[in-house]
Amino acid sequence: MTAPTDKGPRDDRWYLKLMSPNTKGDKFAWLDPTSIYINNNAFHDLLDDLVADLEGCECDVVAGLDAMGFVLASALAAKLGVGFLPIRKAGKLCVDTDKVSFSNYSGRTQDMEMRLPAFAAGTRVLLVDQWVETGGTMDGAIRLVERQKGVVAGLLAVAIEENERTQKYRDAYKCFSAVVPGSHWQTECNNQKLSSFDTYSPESVFPEIG
């Protein structure tokens, strides 16, 4: 699929319709944004839009949350010209770490770790994940950064759903998402069903070959 030439304003976010629905049941996230990442035009438009949205948000490093947050965070770090910091699931790092427990979107308790030390006090860290549904994973990352005296420069994801828990993050931090608050995409994400699911086809996002 190529980017439509008549896609209109950048905030139309045409690539969001490429996301695929969950086909495996309730213990999985309700959709998969990785169809955006594999499509050249979609991925680059996503990154361009997010970089534009981040204008005025100063950060020294972009931190990605394990695991899918790594994709978006590392690409944004390269675009912004800053470093990338992975925040890992527990037991993956071979260096000294700080660890926190959190409840993920499915209600399961998990642990995540960050290398210790990871940065100097006062370092401005942009936290990036693929999706923020309940904010439990993001909460763990915030605690890790702030415990090392870092400054959370902002929170960023493909989408941040609107609910009581995520509102607390919006009130406390700068929040950025490809799904623009107030858009029809935001309404559909809050309902956890996109109208584009009705016509979704995996083949439609395949990259061109040859």
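The values are calculated or read from the model by the stated rules, or taken from the named source; none is laboratory data. Just so we're clear, the structure is a prediction, and the values are computed from it rather than from any experiment. Don't worry about glycine lacking a Cβ; one is built from the backbone with ideal geometry, like all the others, and counts go over all protein chains shown.
Within region 27-46, identify whether any single residue is more than 24 Å from E203 (Cβ to Cβ) and surrounded by fewer than 19 Cβ atoms within 10 Å (Cβ to Cβ), and answer yes or no.
yes
Consider only pairs whose beta carbons are under 7 Å apart and that are at least six residues apart or on different chains; among these, list those whose first residue lies in region 199-210 and is closer than 12 Å to A42 by Cβ and whose second residue is of a type outside the set (S, T, Y) and outside any helix (DSSP H, G or I).
From residues that are closer than 12 Å to A42 by Cβ, the pairs are S204/M1; V205/M1; V205/N39; P207/N39.
Within region 181-210, restricting attention to residues that are modelled with pLDDT under 95 and of a type in the set (A, V, I, L, M), which residue is farthest from L54 (Cα to Cα)?
Only one residue fits best here, namely I209.
Working only within region 80-102, note down all residues that are under 15 Å from L144 (Cα atoms), assigned to a strand (DSSP E or B) and under 20 Å from the mean Cα position of the chain (by Cα).
Selection gives L85, P86, I87, R88, K89, V100, S101, F102.
From the residues in region 132-165 that are among the aliphatic types (A, V, I, L, M) and more than 12 Å from the chain's Cα centre (by Cα), which one is nearest to M19 (Cα to Cα)?
A141
Can you tell me which residue within region 71-88, out of those that are surrounded by fewer than 19 Cβ atoms within 10 Å (Cβ to Cβ) and small (G, A, S), is farthest from Q130 (Cα to Cα)?
Checking each candidate, the answer is G81.
Could you tell me how many of the residues in region 122-173 are of a type in the set (D, E) and in contact (Cβ under 8 Å) with a residue 12 or more places away in the chain?
Total meeting the criteria: 5.
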